[in-house]
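Below is one structure; the comments refer to it alone.
The values are calculated or read from the model by the stated rules, or taken from the named source; none is laboratory data. Since we're looking at a predicted model, the values are computed, not measured. Please note: Cβ atoms are built from the backbone with ideal geometry, for glycine as well, and neighbour counts cover all protein chains shown.
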Amino acid sequence: MTKPVLAIAALGGTVSMQAQAGQKGVMPSLTGEALLAAVPGLSALADVRAETLCLHPSASLDFDDLLHLLEWANRQVDAGAQGVVVTQGTDSMDETAFFLDLLWEKNVPVVITGAMRAATQPGADGPANLLAATRVALDEGSRGRGVQVVMNDQIHSARYVSKCDSLAVHAFASPLFGPQGLIIEGRAVYLKAPHARLTLPAPVLRSHQIALLEATLGDAPLILERIVDLGYSGVVIAGFGAGHVSREWAQVIGRLTGTLPVIVGTRTGSGSTARETYGFEGGELDLIAKGARMSGLLSARKARILLWLLMGSGREDELEHWLAMI
Ligand code: ASP
C-alpha cells in the first residue's frame, strides 16, 4: 500500500535544542532529519520529506520567515504532500499559527508542534508531539481546518490557542473555547466542528510595523504619544479588563485615531472586550467614540497580526468587519 506523503519543516525551537559542548544552556541544533530519527514510528505512517528552513529560537522568527515557510508549504502540497507539519519553538507558536492560518488557502492540514523539554532532557516531549502532529496532519477529519497546534496530545485552533504557562508540558490552552480535539490512543478525535475559514491574500507591503502596548497602572502615555514619530503604522493596546485605559491614554488615543488604526484588546488572557457597558473616560464606549476598534474575542497579540496582514494587502478598511467575524 502506498503511504501518504507528509512534508515536515523544521524551524528550530526547544524541540531541536541540545546542550552544546563548552556552552551554557541548550541551543537549536537538530535538523528536521535528526528530529525524524528520534521518532521511529513515523516512517511507517508516511513517506516523509523533511527540510530544515531555519534553526531559530521562536522569538527570533519574523514575518519574512513565515512567508517563506508558506511558499514552501504551498510548493510541497502542489508536489503531492497530503499533510504539512511544522516544528518550531513554542514561545511564539500562538502568533505564528494565527499568521499562517490567515494565509493558508488549501484544504490540506498544516499542524504546528514543538516541545517544552529539549531533546536531551529526560522525558523530552518532542518525539511524542511530532508523532501526534503527524497523525493529526494525516487525518481526514483535519482537512479544511486550516492551521492547528498540536501539543501534549491536544489539538488547538490557531485562532484561540495561547501559550499559558512558561515551562509546563501542558503549556498550551484555548481559553474559553478548549481544544478542538484530542489524540486518543494514537488517533485524532475531534470534539468540535470546524469553524468557518477566513483567509487573506499574501501581503504586498511588508515593512510596516504595528506596536503592541500593554496598559498598566500609573503609566504615562509617553510611548503612545510618540507612536507616529517612531514610525509605527498602527497600534494595538492590551487594555485593562474588558478593554480599558486610563484617562490620559484615552486622550492620546483620541488624537491618534485620525492618523492610524488603534485596536484595544484585553490584557487578561481570556474573554472578550466589551462594546456597550462602560461609559467612563477610557472605557470602551469612550474609546469607540474616539475611533478605536475593540478586538472582541481576539487576543491583542493576534489582533496585531490581523492588522499587519490587512495593512499589508491594503485592506485596513475591512478591520472592523474582520474583528466582528473572528
Ligand atoms: N522555550 C521555547 C520553545 O519551546 C524556545 C523557543 O520558543 O524557541 O521552543
Restricting region 74-96 to residues that are farther than 21 Å from Ala115 by Cα and part of a helix (DSSP H, G or I), the residue that is nearest to the ligand (Cβ to nearest atom):
Gln76
Within region 1-23, restricting attention to residues that are in a loop (DSSP other than H, G, I, E, B) and away from the ligand (no atom under 12 Å from the Cβ), which residue is nearest to the chain's Cα centre (by Cα)?
Pro4
Do we have Ala59 as within 10 Å of the ligand (Cβ to nearest atom), over 15 Å from Asn129 (Cβ atoms) and in a helix (DSSP H, G or I) here?
yes
When region 291-320 is checked residue by residue, the ones that are touching an Asp or Glu at 6+ places or on another chain (Cβ under 9 Å), within 15 Å of Val262 (Cβ to Cβ) and aliphatic (A, V, I, L, M) are Ala292, Met294, Ala300, Leu307, Leu310
Count - residues of region 24-55 that are away from the ligand (no atom under 16 Å from the Cβ) and either outside any helix (DSSP H, G or I) or polar (S, T, N, Q) (or both)
10
Output the number of residues of region 100-122 satisfying the condition of being modelled with pLDDT of 95 or more, in a loop (DSSP other than H, G, I, E, B) and either among the β-branched types (Val, Ile, Thr) or surrounded by fewer than 20 Cβ atoms within 10 Å (Cβ to Cβ) (or both).
5
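Out of everything in region 107-157 that is basic (Lys, Arg) and touching a residue at least 60 places away in the same chain (Cβ under 8 Å), what residue ends up being farthest from the ligand (Cβ to nearest atom)?
Arg135
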Among the candidates Gln180, Gln148, Gln154, residue that is touching a Leu at 6+ places or on another chain (Cβ under 8 Å) and closer than 22 Å to Met325 by Cβ:
Gln180
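Give the residues of region 263-314 that are part of a loop (DSSP other than H, G, I, E, B), among the hydroxyl-bearing types (Ser, Thr, Tyr) and crowded, with 24+ Cβ neighbours inside 10 Å, sorted by residue number.
Hits for region 263-314 are Thr273, Ser295, Ser299.
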